[in-house]
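The values are calculated or read from the model by the stated rules, or taken from the named source; none is laboratory data. The shown structure was predicted, so the numbers you read here are calculated from the model rather than taken from an experiment. Virtual Cβ from ideal backbone geometry, glycine too; neighbours counted across all protein chains shown.
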Amino acid sequence: MSHDLVNASTGHRQKVSKPEVLIKAVTVLGFSYGQTAKRYGVSKTLVHRLHHRWLEEGDQAFQARSSRPKTQPARTPDSVRDRVLQLREHLTRDGLDAGADTIHTHLTAEGHQLSRATVWRILKRAGRITPQPQKRPRSSYIRFNADRPNQMWQSDFTHWTCADGTEVEIIGWLDDHSRFLLHLSAHHRVTGKTVTDTFTHTATATASATATATRPPRSPRTATTTPRDTPAAARDAAAETPSKPSSPWKASPRKTVAPTDPPPKARSNASGRP
């Protein structure tokens, strides 16, 4: 990282390294370690280390140094890395599989303790792997779910050996929305006709079950009589009988209007004619 500083004599900006800025803040500006660390957002330990490095090395301490460790005990030896690339080249030349799994198998047989992921990283860093976006990891897959029940079904079959040694094939139909198993049956061999027959059978059974579940229930028949079946005298008596008040605060009886009487609005219109 570098910083822009203005030269006091020339007035021009010049780029200086961060160690030089910190060192000169102590040696030229006279800041303490704490003041320098607070002003530039670093630790006091860093300022102290850079200052003492300048006292020992002079202006060589102004150069930024890599923080990479000098030794890496866990790093794969160069001989093993070369062997990985050599196996890749030989297997590819012979027309054999030269993937990370195959190379890992050869290295294990030779006594090298190396993981498959390490082999793949060595090949990738050496530019020996052709990018293949279609081979994406399973974690990037998007699970498909239908929006509604019975919107889409999926089917598959698998082989199975029974207890008596009989070989069968089991086919099933699954609802993509609810993951409900709609059909499951075993056959000696699953053919195209088996698929169509099981689909037709499952569709018919599902349609029947859906119609039964969605059909509204019938109301029970009661022994009540309608005003149309009631004699005229009974209707007139029912019309004059006051109904029971629904609340003690509403003591006025409600009068039931007989179905044969004209509506009140019609009566008022008739009485208003000249």
Worksheet, complete the sentence: Per the list (1) exposed (fewer than 11 other Cβ atoms within 10 Å of the Cβ); (2) under 44 Å from the mean Cα position of the chain (by Cα); (3) β-branched (Val, Ile, Thr); (4) at pLDDT 90 or above, residue check on Val80 breaks on (1)
Worksheet item: So how many residues does region 126-161 have that are surrounded by fewer than 11 Cβ atoms within 10 Å (Cβ to Cβ), at pLDDT below 90 and not small (Gly, Ala, Ser)?
Response: 15
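Per-residue answers, yes or no, for (1) among the polar types (S, T, N, Q); (2) free of Cβ contacts under 8 Å to residues at least 12 places away in the same chain; (3) out of contact with any strand residue (DSSP E or B) (no Cβ under 9 Å at 6 or more places or on another chain):
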site: Pro69; (1), (2), (3): no, yes, yes
site: Pro77; (1), (2), (3): no, yes, yes
site: Arg121; (1), (2), (3): no, yes, yes
site: Gln151; (1), (2), (3): yes, no, no
site: Gln154; (1), (2), (3): yes, no, no
site: Phe157; (1), (2), (3): no, no, no
site: Asp164; (1), (2), (3): no, yes, yes
Discussion item. Anything in region 101-125 that is of a type in the set (A, V, I, L, M) and either touching an Asp or Glu at 6+ places or on another chain (Cβ under 6 Å) or at pLDDT 90 or above (or both)? List them, or say none.
Written reply: Ile103, Leu107, Ala109, Ala117, Val119, Ile122, Leu123
Worksheet item: in contact with a helix residue (DSSP H, G or I) (Cβ under 8 Å, 6 or more places away or on another chain), surrounded by 14 or more Cβ atoms within 10 Å (Cβ to Cβ) and charged (D, E, K, R), is that true of Arg121?
Response: no
